[in-house]
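**Q** For reference, the structure I am asking about is given below.
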Amino acid sequence: MSKVDRPLDFVAIPLRLRAELWRHSTSDVGKALRLAMFCAEQLNGGVIKNARKWTAAEWRSYVNFSKPLETTREGLFSFVEKDLVVHIYDPDLEKRVLSRRKINSDNIKNR
């Protein structure tokens, strides 16, 4: 696994949020990091589709939360209709990584 393929590499805490992290509990920051790592594994651009409809078992299975996520935290994660948006996830970095993977795959095929 290269440095770029690690899930936490997709986490980009915006500068404005870094200065205000003290406003969030460590539990909320931990939840946001778990959600960001799930997004990195799924390569979903930081948007978890239909997360509002997940059952307790799905929350436990997918992101290891003991109960469904009902509240959101401004700047960390929020629901937009049925989807959960993880604000500390960097979709631009995901695009760059996927582009590099494609280039490397093409290079291997051309050998």
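Coordinate-derived values only; no laboratory data. Keep in mind it's a predicted model, so treat the numbers as computed, not measured. Cβ: placed from backbone, ideal geometry, glycine included. Neighbour counts: every protein chain shown.
**Q** Could you work out the Kirkwood radius for the range 44-93, taking every pair of different alpha carbons, averaging 1/r and inverting it, reported in Å?
**A** 11.3 Å
**Q** Moving to a separate point now. Which of the lysines could a cross-linker span from residue 67 if the Cα-Cα distance has to be under 27 Å and same-chain partners fewer than 8 positions apart are dropped?
**A** Candidates past the 8-residue exclusion: 31, 49, 53, 82.
**Q** Check the straight Cα-Cα distances from residue 109 and name the lysines below 26 Å, setting aside those fewer than 8 residues away within the same chain.
**A** Leaving aside lysines fewer than 8 places away in the same chain, those within reach of residue 109 are 3, 95.
**Q** Order of 29-40, 96-107 by packing, highest average Cβ count within 10 Å first?
**A** Result, highest mean first: 29-40, 96-107.
**Q** Okay, moving on. Listed highest first by mean packing, meaning other Cβ atoms within 10 Å per residue, what order do 75-85, 61-71 come in?
**A** 75-85, 61-71
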